[in-house]
Amino acid sequence: MKLMRNPFQTLVVGLISGWLVLFVLAPNLMIIAASFLTRDDNHFISAVLTLDNYRRLADPLYLDVLLHSLNMAFIATLCSLLLGYPFAWCLTLLPQRWRPVMLFLLIVPFWTNSLIRIYGLKIFLSTRGWLNNALLWSGITDKPLRIMYTPEAVILGLVYILLPFMVMPVYSSLEKLDKPCLEAARDLGAGKWQRFWRIILPLTLPGIIAGCLLVFIPAMGMFYVSDLMGGAKNLLIGNIIKTQFLSLRDWPFGAATSVIMTVLMGLMLLFYRRSARIINKKMIGIGD
């Protein structure tokens, strides 16, 4: 029996499909195609096929930036996890009527552009900012602390922007915990740490992996955080892409860098999918 679609469903599906093809698929295909072409000073791109753009990525200069980006993203992800997991846990301990309020307060910063928030953080942490003024006024320090334009400032900016992306999936996993399972473990004599390591942590691992990916992937490309908080010595891979497209006008090399970054993101998402399958199988085995 054939499924009947009304005209409205057909229209909606057509609009969504057209939108994805026009604004997602086509631009990505253009980027992939441009990565195999040659730079032209007059027209940006010359229709001469080459693999030099990908070979240039093996240059130690760009490899250092890539490794630096991975390192900064990893540290920012770890800091977000160390802050976000306890915060999400505290949310689950609140009365049911207060949880929506706290989640609302967590999401409110998204109503403001992230670039504006980074400027606000920059003003707060600057040499003559509110933090240093408070420290000098209280006598904790006798000279302003140099926080800005350091790797630590970049990591702080990334955590400040991306922390909610860690909290939400972890909170979702914690909220779905099987309470009878925890009560049974407690009745069998398991202590708090045993319940955490053997039950809570494995059951919330999918949320942890999802949160880590949601923080790690964008952390590598947030060039404006690196520009404003870290200066020229703390570049991310996003800074290389931005510079190639907007300053050096080397669109093919910028496109090749974008493709490599997209491939890395795809591999991470594949890792998440495989990990989620393995964890689900183990949980089903435990349940059986």
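Values computed for the structure shown
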item	result
Solvent accessible area, Å² - residue 274, 1.4 Å probe, full protein context	140
Extension gain, residue 183 back to residue 15 (0.36 nm per residue minus Cα-Cα distance, nm)	55.5 nm
For segment 207-288, the fraction of alpha-carbon pairs in successive 10 Å shells from zero, as %	17, 34, 26, 14, 8, 2
Principal semi-axes in Å for segment 146-263 [√(5λ), Cα gyration tensor, largest first]	41, 17, 9
FRET efficiency estimate (nearest 0.05) - Cβ-Cβ, residue 42 to residue 196, R0 41 angstrom	0.05
Segment 1-126, relative contact order [Cα under 8 Å, separation at least 6], %	8
Solvent-free Debye scattering, log10 I(q)/I(0), computed from the Cα coordinates of segment 35-190 at q = 0.14, 0.19 Å⁻¹	-0.96, -1.19
Karplus-derived HN-Hα couplings along segment 70-86 (A = 6.51, B = -1.76, C = 1.60, θ = phi - 60°), whole Hz, x at Gly and Pro	4, 5, 5, 5, 5, 5, 5, 5, 5, 5, 5, 5, 5, 8, x, 5, x
Under-5 Å amide H pairs with residue 46, H placed in peptide plane, nonlocal only	38, 39, 40
Relative contact order (percent, whole number), segment 142-275, Cα cutoff 8 Å, 6+ residue spacing	29
Rounded FRET efficiency, nearest 0.05, which uses the C-beta distance separating residue 149 from residue 6 and R0 of 51 Å	0.30
Segment residue 110-residue 265, extension gain: residue separation times 0.36 nm, minus the distance between their alpha carbons	53.5 nm
Distant alpha-carbon pairs in the chain (separation over 34 angstrom), percent	40
Mean Cβ neighbour count within 10 Å, used as a protection proxy, ranking 84-92, 20-28, 115-123 highest first	84-92, 115-123, 20-28
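The values are calculated or read from the model by the stated rules, or taken from the named source; none is laboratory data. Given the structure is predicted, the values throughout are model-derived calculations rather than measurements. Neighbour counts run over all protein chains shown; Cβ positions are idealised from the backbone, glycine included. Note: accessible area is taken over every heavy atom of the protein model, side chains too, but ligands, DNA and RNA are not part of it. Shrake-Rupley method; radii C 1.70, N 1.55, O 1.52, S 1.80 Å.
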